[in-house]
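So the structure is just underneath, and the comments pick up after that.
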Amino acid sequence: MIDSLVDSPLFGITLTLGVYTLAQVLYGRFRHVLLNPVALSIGGIILFLLALDIPFQSYALGGDLILFLLGPAVVALAVPLYERRQEILKYKLPIVAGVASGGITSIVTATSLVWILGGSRELVLSVAPKSVTAPIAIGIVESIGGIAPLAAAIVVLTGCLGAVCGPEFCRRVGIVDPVSMGIAMGTAAHGIGTARMLEVDRLGGALSGLAIGLNGMLTAAMISLFFGFFG
Amino acid sequence: MVRGFAILLLCLLLGELIVRFCGISLPGNVAGMVLLLFALRLGLVQLGQVKEAANLLLSNLALLFVPAGVGVMVYLDIIQTSWLPILASLVLSTFAVLLVTGKVAQRLKPKSGESCDD
C-alpha cells in the first residue's frame, strides 16, 4: 500500500513543496546564506529518499511535473523584459557586454577545466551550459549529446553556489553597485542567483532576471554554433 | 490567470514547433520567450493578460529547480569518479563569470554613485 502511494505524482510533489516550505521557514528565521532554501531542499530530499530507500524514479513522477513548469517559466521571462524595456535601454551597453563576456567566460572556463582535469567528453558537453537556466541548459545539452539530467543538476548546483557566495564575492572584488552585481548574478547563477539578488536589491534582481534570458539565448546560440561545427 | 497560462503554454508550443520545423538548434522555450516578447511589443497580447501567471511562476522560480537538483543522486557514481573536474569547473568557473561580468558591466555603466549593502 505504501509502495503504491510512493509511486504516484502526489508523493514527489508533496515532498518537494513540504521540504521547500520547511527550508524557507528555516531561512526566514536565521537569514544565513548557507541555509539557501534550494540547496537545503535538494539535500533534504536526497537524504530522505536514500534513508527510506525510495528510488529517484518514484520521486521523479511528481518531480517531473514541477520541472515541467520551468518551460512556461522561461517563456514568462518575456514579461519582466517587456516591462523594464526603458531601464534596459538605459543600461543596454553594460548588460549586453557584461552578459556576452560572462557567457563566453562560462563556456570556455567550465569546459576547459573539465577537459584539462581529465573529464569524459560527455562530461565536458554536460558542463558547457552550466550558467544557463536549467530548461535552456537541458535543451542545449540534448542537442549536442551530453547527459541532460546531469547537466540540469550541475546547473542547479552552480546556481546554489552563486546564490550562497555570489554577493559576498562581488563585494570582495569591488563590484558593489546593484546594477553590475545584478547582471553578474543572473549571468553566473541564473534563476537561483536571481532569487537571492532580489533580496539584495530590487533593480539588481530585475537586471539579474534579464541576464538569465539574454545569457540563455546567447549561450544556446554560441554552443550550438561551436559544437555544431566542431562537435 | 488561466488565460495567462494558456498564452504562456501556447507560446511554448509554438516555440517548440518553430524550432523543430526550421531545424534551429535553439531550445523551444527560448523561442517561446522571444515569441511572447514580440506578441507583447506588437500588442497581440496585453501585459495584463499574462502578468499574473508569469509572476506566479517567476516569484517561485527557485522552487522549480529543486527536482532537477535532486536528479544529482542518479549520477552519484559519475560524480564520485569525476568529482575533481566537476567541482573545479563549478567553483572556479562560477567565480570567473561573476568577476568578468561584474567588472565589464561596471566599466561600461553610466555613472551613478549608488552601492548596495545586504
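Each value in this text was obtained by applying a stated rule to the coordinates, not by laboratory testing. Here the structure is a predicted model, which is why all the values come from computation and not from measurement. Methodologically, a virtual Cβ is constructed for each residue, glycine included, from the backbone with ideal geometry; neighbour enumeration extends over all protein chains shown.
With runs of 4+ DSSP H residues as the only contributors, calculate the mean residue ellipticity of the protein assembly as shown at 222 nm using -39,500 (n - 2.57) per run, divided by the residue total and rounded to the nearest 500. Walk me through the numbers on the way to the answer.
Numbers: 20 runs with 283 residues, N = 349.
-26000 deg cm²/dmol, from helical runs alone.
In degrees, nearest 10, range 0 to 90: what is the angle between the Cα axis of helix A:178-200 and the longest Cα principal axis of chain A?
Long axis of A:178-200 versus the principal axis of chain A: about 20 degrees.
Evaluate the distance, in nm, between pseudo-label points positioned 7 Å from the Cα of residue A:221 and of residue B:22 along their respective Cα→Cβ axes.
Between residue A:221 and residue B:22, the simple spin-label model gives 1.2 nm.
Among A:208, A:69, A:176, whose Cα projects farthest towards the positive end of the dipole of chain A, with charges put on the beta-carbon of Lys, Arg (+1) and Asp, Glu (-1)?
Highest projection toward the positive end goes to A:176.
For the stretch A:85-223, what is one quarter of the convex hull surface built on the Cα atoms, given in nm²? List each step's numbers first, then the result.
On the way: hull surface 31.1 nm².
Projected area, direction-averaged: 7.8 nm².
How many lysine pairs are close in the protein assembly as shown, with Cα atoms under 26 Å apart and the two 8 or more places apart or on different chains?
Taking the Cα cut-off of 26 Å, the pair count is 11.
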